[in-house]
Amino acid sequence: MMTLEKFEQASELVKNVTNPTKLVYSEYLSQPSGGKIYLKPENMQYTGAYKVRGAYYKISTLSEEERGKGLITASAGNHAQGVAYAAQKYGCKATIVMPTVTPLIKVNRTKSYGAEVILHGDVYDDACEHALKLAEENGYTFVHPFDDLDVATGQGSIAMEIVQELPTVDYILAPIGGGGLISGVSTLAKMLNPKIKVIGVEPAQAASMTAALAEGAPVTLPSANTIADGTAVKRVGEKIFPYVQENVDRIVTVEDDELIGAFLDLVENHKMVVENSGLLTVAALKQLDLKGKKAVAILSGGNMDVITMSSIVQHGLIQRDRIFSVSVLLPDKPGELVRVASTIADAQGNVIKLEHNQFVSTNRNAAVELRITMEAFGTEHKHEIMQALEDEGFRPREIGAKLY
């Protein structure tokens, strides 16, 4: 069982491997909510995520014999680093099975802690099945990433720190993948103060806990296709599920597109890089009535590779109409291009890219196509630029924006 005594023990023990992640008050997120929103930045951990808490506490409960056999686990990345780092601290061998789609930064960081990495399967569930097979064949000690009460107890140390720093907290929001974090956090939060509301957040395309609660038991989703790779789990844990049933007040789901906007919000307003799974709690804030309440959103990790980051930024700017493209048809004669550029400049638009196509019509004197990609301040400004082009007789047509 998860007990208060074990939570207290874990909370002290994990201090050996964690950075203090003091709450960050977010004025930007608080204003639209009408409450006070705080961020718990677990993305600032040495391993880039909260997972080291559960891994380290779990390994501390193992016998010398169990550690001596070598450890093995499966992970989409963050638990992998947690186990690898904790194993290094205890001086034991670690083998990590990760899905083949795991971001490169997570693979390389895991290897940097001395672990052997095996890439297998498309999602966590495939990797887990392979890891269990290897454990049986080689006698390794398996450290489950979420369906283990000791692991969940270690993750629950986050709730201890939140309540110690903000005793009057009303809401705690935590991401859900397999359920280890939410079960530990919710169980301890209710022990410390039953009035605290604990909200779990899942990606809509991998809502395995929502499905489990509807069924009354864990079920296996046909797929878990989401950009929130750290929470792409098709089946939640059996052991932790009863704790979620008892202690989690509500679960909300978030679409992938909402994570893109949340990434921009935290980068621009808090100078924080948070991975998509860690952004679930931020994206979910608008679904809750937090007026007059104090809420803490757990940012579970920040292990995002640069290629993914650049793609998220590009899509986010397009999504918010800060980058858009238009097509205009104009006569192929001197001065027309300058006239278009001047109109955009007068409207405070900033041209990023131009494509001039002379072959859109057989009559070039009648029309050539100009495709313009430009920056704007947002949707209202975009409409102002479009209207300025209309007023000059260019009849702009918006097209899908691309930066490449």
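Quick notes on this one:
- If you go through segment 259-274 and keep only what is of a type in the set (Gly, Ala, Ser) and closer than 13 Å to residue 28 by Cα, you end up with just 262.
- Scanning segment 132-156 for residues that are in contact with a Phe, Trp or Tyr (Cβ under 7 Å, 6 or more places away or on another chain), more than 19 Å from residue 241 (Cβ to Cβ) and buried (at least 20 other Cβ atoms within 10 Å of the Cβ) returns a single hit, 135.
For every residue, the table says whether it meets (1) over 18 Å from the mean Cα position of the chain (by Cα); (2) surrounded by 17 or more Cβ atoms within 10 Å (Cβ to Cβ).
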position: 57; (1), (2): yes, yes
position: 71; (1), (2): yes, yes
position: 79; (1), (2): no, yes
position: 83; (1), (2): yes, yes
position: 100; (1), (2): yes, no
position: 105; (1), (2): no, yes
position: 112; (1), (2): yes, no
position: 117; (1), (2): yes, yes
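- Selection of segment 335-348 for residues being at pLDDT 90 or above and in a loop (DSSP other than H, G, I, E, B) yields 347, 348.
Here is a yes/no grid of residues against (1) in contact with a Phe, Trp or Tyr (Cβ under 6 Å, 6 or more places away or on another chain); (2) part of a strand (DSSP E or B); (3) surrounded by fewer than 17 Cβ atoms within 10 Å (Cβ to Cβ):
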position	(1), (2), (3)
263	no, no, no
274	no, no, no
282	no, no, no
291	no, no, yes
297	no, yes, no
333	no, no, yes
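- Residue match in segment 232-248 (condition: crowded, with 24+ Cβ neighbours inside 10 Å, over 28 Å from residue 4 (Cα atoms) and in contact with a strand residue (DSSP E or B) (Cβ under 8 Å, 6 or more places away or on another chain)): yes
- For the residues 75, 11, 26, the requirement of being in contact with a strand residue (DSSP E or B) (Cβ under 7 Å, 6 or more places away or on another chain), within 19 Å of residue 183 (Cβ to Cβ) and touching a residue at least 24 places away in the same chain (Cβ under 8 Å) singles out 75.
- Looking only at segment 85-98, and only at residues there that are over 17 Å from residue 125 (Cα atoms) and buried (at least 24 other Cβ atoms within 10 Å of the Cβ), the one that is nearest to the chain's Cα centre (by Cα): 85
- Test: residue in segment 43-52 that is basic (Lys, Arg) and closer than 30 Å to residue 288 by Cβ: yes
- Hey, residue 351 touching a helix residue (DSSP H, G or I) at 6+ places or on another chain (Cβ under 9 Å), in a helix (DSSP H, G or I) and free of Cβ contacts under 8 Å to residues at least 60 places away in the same chain or not: no
- Total residues in segment 299-312, condition surrounded by 16 or more Cβ atoms within 10 Å (Cβ to Cβ) and either at pLDDT 90 or above or part of a helix (DSSP H, G or I) (or both): 7
- Qualifying residue in segment 35-51 (condition: touching a Ser or Thr at 6+ places or on another chain (Cβ under 9 Å), surrounded by fewer than 24 Cβ atoms within 10 Å (Cβ to Cβ), hydroxyl-bearing (Ser, Thr, Tyr) and in a loop (DSSP other than H, G, I, E, B)): yes
- Looking across segment 95-107, the residues that are at pLDDT below 95 and out of contact with any Gly (no Cβ under 6 Å at 6 or more places or on another chain) come down to 98, 100, 101, 103, 104, 105, 107.
- Yes/no for residue 223 being of a type in the set (Ser, Thr, Tyr), within 20 Å of the chain's Cα centre (by Cα) and surrounded by fewer than 23 Cβ atoms within 10 Å (Cβ to Cβ): yes
- Residue in segment 352-365 that is modelled with pLDDT of 90 or more and either open to solvent by 10 Å² or more (accessible area, probe 1.4 Å) or among the hydroxyl-bearing types (Ser, Thr, Tyr) (or both) present: yes
Quick grid of which residues meet (1) under 26 Å from residue 284 (Cβ atoms); (2) in contact with a Cys (Cβ under 9 Å, 6 or more places away or on another chain); (3) basic (Lys, Arg); (4) touching a residue at least 60 places away in the same chain (Cβ under 8 Å):
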{"position": "40", "(1), (2), (3), (4)": "yes, no, yes, yes"}
{"position": "57", "(1), (2), (3), (4)": "no, no, no, yes"}
{"position": "69", "(1), (2), (3), (4)": "no, yes, yes, yes"}
{"position": "85", "(1), (2), (3), (4)": "no, no, no, yes"}
{"position": "110", "(1), (2), (3), (4)": "no, no, no, no"}
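- Some residue of segment 232-246 being in contact (Cβ under 8 Å) with a residue 12 or more places away in the chain and under 14 Å from the mean Cα position of the chain (by Cα): yes
- Criterion: in contact (Cβ under 8 Å) with a residue 24 or more places away in the chain and not aliphatic (A, V, I, L, M) - qualifying residue of 293, 271: 293
The values are calculated or read from the model by the stated rules, or taken from the named source; none is laboratory data. Predicted, not measured: the structure shown is a model, and the values here were computed from it. Virtual Cβ from ideal backbone geometry, glycine too; neighbours counted across all protein chains shown. Heads up: the accessible areas ignore ligands, DNA and RNA and are worked out on the full protein's heavy atoms, side chains in. Shrake-Rupley method; radii C 1.70, N 1.55, O 1.52, S 1.80 Å.
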